[in-house]
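Everything on this sheet refers to the single structure shown next.
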Amino acid sequence: MVDKAANKIHTNVAAGNTPNKCIRGSIRATTQYNPFTSSIPFPSVHHTNKNPYFLGFVPLSNISSMASKRAPCIFSLLLCFLTASTCALKSVPPTCERIECPSYDVVDQGNGFEIRRYNSTEWMSTAPIEDISFVEATRTGFLQLFDYIQGKNAYNETIEMTGPVITQVSPSDGPFCASSFVVSFYVPKKNQANPPSADGLHLQKWGPTYAAVGQFSGFVSDDFLGEEAFALYSSLQGSNWASAVDQGRKADPTSAYSVAQYNSPFEFTGRVNEIWMLFSQESSNTI
């Protein structure tokens, strides 16, 4: 039944028919619900985690691969504990040594997370993209933005590629519902005074912004994206930053987290991806 329902929703979304409509009923009883996961649900093991941030679906076939994937992380955390040291992120992703990225200061570091303060930034962004797949939505948005920097804009101007490509994630309300994604390119400093406009795109201006950041490698997958977001949220628990992140989510419930991707799809090694959970300076002042 789940397979038939999945095929039905895939067909409807591909045809543009009511992407926000959800297939309910017995499917709910066979899946795990998780707000960090935006992919189609599959039959899975029973899950009793009561954390309100953990609302995703974990395919049963992925349990063993998840365990093997998490094993290095568990080993790293154990090593940090034994050596009484802090496992720091690669504070400056290698890609940012080659192309322009937004500047930031590292405010704090912990096991599995980094707190950054980004300076004011500008991002050229897509309209919300409704889809059941993060990967497909990001591909759709990336192509729109790539056309933009290649000259498909009001000035017919070519703009330098920057990093990272970020996708803001607003998870769906339940099984077989389309989530909403906004994909953005960072606007280079030399273009920020007067960036060209383009049909279907809009400019986002961020004031100074704080981000709790977790990194992971490899290619981003719908199957594990919710797990990566939950890993960051879990690593913040017990720190002074957990409440600031919760306040940030309450202030903007439409965006649970963002995914930052730094590498070309043709790079197969040394890939760096990040989960960002944003919060304001006002929230940080409560720390």
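What residues from the stretch 138-169 fall in the zone where the backbone N is under 19 Å from a label point 7 Å along the Cα-to-C-beta line of residue 193?
Those under the cut-off are 154-160.
Could you work out how much longer the chain between residue 107 and residue 158 gets when fully extended? Use 0.36 nm per residue separation minus the Cα distance between them, nm to one decimal.
Full extension of this stretch gives 14.9 nm more.
Please give me, ordered by residue number, the GluC sites (Glu not before Pro) of the stretch 116-159 that lie in loop per DSSP and have at most 15 other Cβ atoms within 10 Å.
Answer by residue number: 157.
Return the loop-located chymotrypsin sites (Phe, Trp or Tyr not before Pro) in the stretch 150-237 (DSSP other than H, G, I, E, B) with at most 13 other Cβ atoms within 10 Å of their own Cβ; answer none if there are none.
155, 219
Read-outs throughout are calculated quantities, based only on the coordinates presented, and are distinct from any laboratory measurement. The model shown is predicted, which means the values in this text are computed figures rather than measured ones. Methodologically, a virtual Cβ is constructed for each residue, glycine included, from the backbone with ideal geometry; neighbour enumeration extends over all protein chains shown.
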